[in-house]
């Protein structure tokens, strides 16, 4: 252990003093902030077409749809600190179908963003609706128009049956749905959309950190192997001590960097900047102190598991470019959790999700997602930690046996039977 600690100290100081560490510690949060800032600013101007025309052979229906569409747009924009450009809706009614040619030219020349054609057939109770625009991916605008047309048709039918305008407004007004989450027997307010993004960001950071530092270990092993530094180091220490020291040193670097980032988040959370941006604190996104603690625990455990795997694989190759071929083996178990994020958050107590969260390669990602969606039973959290520790012990044992032979092997890449023979060596 003394030898391993000396190697870990060397690895830690060498990396922590490097310019790459300082730059990445500052640059990576800035890149993520820039990405989400661009997403936030682009979202301000989202919301579909801003200038449309409603054309119909029925002026009363067109006017009713226009009123409903404007009311829905105003309701969607309420509470937004930065509202998008207001929706402008013009009317052209009555218009026959042959009159849409001029509207097509207006869309093509960008005089308008699109037009909604409401064709009322003789004897029909419902109109045929068609929206024409330059693009076809306006999902928000499409849903808004669909609701506006439905409200207008229902309003017309209710008025024919003698309902008053006040009664119709009461019936068509939306219901404010509040969401609560049961935690330790108590129902607490929870924002489902913010909770999703909070959970997704934590798991993505965990995925990025574990993969980044795990691959870093493999590249470090190959770099020192190709420079023959190991031949000098092996004269004074054992291969197992070298590998364990490398894992401890790189892991300490990762913890230092994660500590800086989490400290920055906590500092930002306690400031008024997030409130000024209308983002709220970490608690608004469902991130609790307990989740942060387990986030660090699963980072450490996930790092040692995947780094041991990376060190073993790195000892079997001769060039850093060959490490990329093994990336899928390292990434695949974690990608499963990210791909299933919607299912996991929607079914956190389902038995496939529970089993997946107890499967060590997938535990860090899946368990963090489950903790964001529900109060995970204490016995499952404890069992996941025990299984992770056992898996790390087994992976380190296997990787060290591959490492001590492969680190001095040059030339042809070993085959799988040869690697299995290395593991069996005493």
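Find how much the distance from residue 382 to residue 91 grows on full extension, using 0.36 nm per residue of separation minus their present alpha carbon separation; answer in nm with one decimal.
So the extension gain works out to 98.3 nm.
Along the Cα→Cβ direction, 7 angstrom out, place labels at residue 166 and residue 349. What is the inter-label distance in nm?
Once both label points are built, they end up 4.5 nm from each other.
Ranked by Cβ crowding within 10 angstrom, fewest neighbours first, how are 422, 397 ordered?
Final ranking by Cβ density, sparse to dense: 397, 422.
When 159, 395, 371 are ordered from fewest to most other Cβ atoms inside 10 Å of their Cβ, what list results?
With the fewest neighbours first, 159, 395, 371 line up as 159, 395, 371.
Pop a pseudo-label 7 angstrom from the Cα along the beta-carbon direction at both residue 31 and residue 67 and give the gap in nm to one decimal.
Modelled inter-label distance: 5.4 nm.
If r is the Cβ-Cβ distance from residue 237 to residue 260 and R0 is 35 Å, what FRET efficiency results, to the nearest 0.05?
The formula returns an efficiency of 0.70 here.
Given R₀ = 30 Å, FRET efficiency for residue 339-residue 374 by Cβ-Cβ distance, to 0.05?
Using R0 = 30 Å, I get an efficiency of 0.90.
Please rank 57, 24, fewest neighbouring Cβ atoms within 10 Å first, as an exposure proxy.
So the ranking, lowest neighbour count to highest, is 24, 57.
All of the numbers you see were taken from the coordinates with simple rules; none came from a lab. Since this is a predicted model, take the numbers as computed values, not measurements. All Cβ positions, glycine included, derive from the backbone under ideal geometry; neighbour counts span all protein chains shown.
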